[in-house]
Structure formats: C-alpha cells, structure tokens
Amino acid sequence: MINLAVDEAYAFDYLSILEIKKNKKPDSYCVWMQCYNFLQNQFDNEKWSLMINSEEYKDILAANELTFDAVDKAKNNEVSAKYVDFCNYQRYIAKQNFQKNFFQTILKEMKIGYNIHNEH
C-alpha cells in the first residue's frame, strides 16, 4: 500500500465509507479496522475520541449512507442522476464542516459546477 497526503476530512470520509461497507457486509471489517487503526495512531486519544464521536463525523457517515443508497437506487433508475449528485454534494459539505471544526483549514478538494445546489 502507499501513503497519500490528503486533507484530514478526506481520510475520515474514506473511513466512514469503509464503516458503511462493514455494516452492510461484515467481511469488510478487517479493511475498516486497518484504516481505523492507521488513522487513530496519528492522534492522541482525546482528539481521536472527540473527532470519531462528533456530530461532524456522524454527518459524514449520514451523507455517505445517503449517497450509497442513492447509487444503489440509481442502478435501477429509481432516482435521478441529479439526486445522486445532490447526495454527493452533501458529502462535500459534511467534509468541509469536519475539516473546519477540527483542523481550522479548508478542504483542498474543490467541487466544480455545484452552484445549482447553493441556489436552494
């Protein structure tokens, strides 16, 4: 495996995706646990606990669950591509909030063409 420098919220987003997969398919547990331990080892226990139990992390999980379910429904044309895109944008917002709250920086990741979601 390789190490990749990414925003902290990006890493927690990835962890949350693995957590959702673990909950849906328990044989994914080892992959999730490996990532969990790798991330946890980079923080002191107090900071880790604060982040992993935060509302911001729960929001990332919820946004990823929403996106995961939307993608599944889109496979059968039960939801529009626009809805899947909207769900994915919610992930981005959740990551932004996590990053700002715990690391006082903005995401380096930039979304293009999302003015449509900001109009509502």
Filtered residues of the stretch 59-82 (kept if of a type in the set (Asp, Glu) and closer than 23 Å to ASN97 by Cα): ASP59, GLU65, ASP69
Filter result for GLU56 (under 17 Å from PHE98 (Cα atoms), surrounded by 15 or more Cβ atoms within 10 Å (Cβ to Cβ) and of a type in the set (D, E, K, R)): yes
Top-ranked residue of the stretch 72-108 - restricted to ones that are more than 13 Å from the chain's Cα centre (by Cα) and among the basic types (Lys, Arg), ranked as nearest to TYR10 (Cα to Cα): LYS108
Members of the stretch 73-91 found to be at pLDDT 95 or above and of a type in the set (Ser, Thr, Tyr), listed by number: SER80, TYR83
Restricting the stretch 22-64 to residues that are of a type in the set (Lys, Arg) and modelled with pLDDT under 95, the residue that is nearest to THR105 (Cα to Cα): LYS24
Cross-chain or 6+ apart pairs with Cβ under 9 Å, the stretch 83-110 first and aliphatic (A, V, I, L, M), then not in a helix (DSSP H, G or I): ILE106/ASP7; LEU107/ASP7
Single unsatisfied condition, GLU119 versus (1) modelled with pLDDT under 95; (2) of a type in the set (Asp, Glu); (3) under 13 Å from the mean Cα position of the chain (by Cα): (3)
Some residue of the stretch 22-45 being within 20 Å of GLN99 (Cα to Cα), of a type in the set (Phe, Trp, Tyr), in a helix (DSSP H, G or I) and without any contact (Cβ under 8 Å) to a residue 12 or more places away in the chain: yes
Boolean, ASN64 is on the phi < 0 side of the Ramachandran plot, in a helix (DSSP H, G or I), in contact with a helix residue (DSSP H, G or I) (Cβ under 6 Å, 6 or more places away or on another chain) and not small (Gly, Ala, Ser): yes
Test: residue in the stretch 95-113 that is over 21 Å from LEU4 (Cα atoms), part of a helix (DSSP H, G or I) and either in contact with a Leu (Cβ under 9 Å, 6 or more places away or on another chain) or modelled with pLDDT under 95 (or both): no
Boolean, ASP44 is among the acidic types (Asp, Glu) and surrounded by fewer than 15 Cβ atoms within 10 Å (Cβ to Cβ): yes
Qualifying residue in the stretch 61-73 (condition: surrounded by 16 or more Cβ atoms within 10 Å (Cβ to Cβ), closer than 26 Å to LYS25 by Cβ, touching a residue at least 40 places away in the same chain (Cβ under 8 Å) and β-branched (Val, Ile, Thr)): no
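The values are calculated or read from the model by the stated rules, or taken from the named source; none is laboratory data. This is a predicted model, so every value here is computed, not measured. Every residue, glycine as well, gets a Cβ built from its backbone with ideal geometry; the counts of neighbours run over all protein chains shown.
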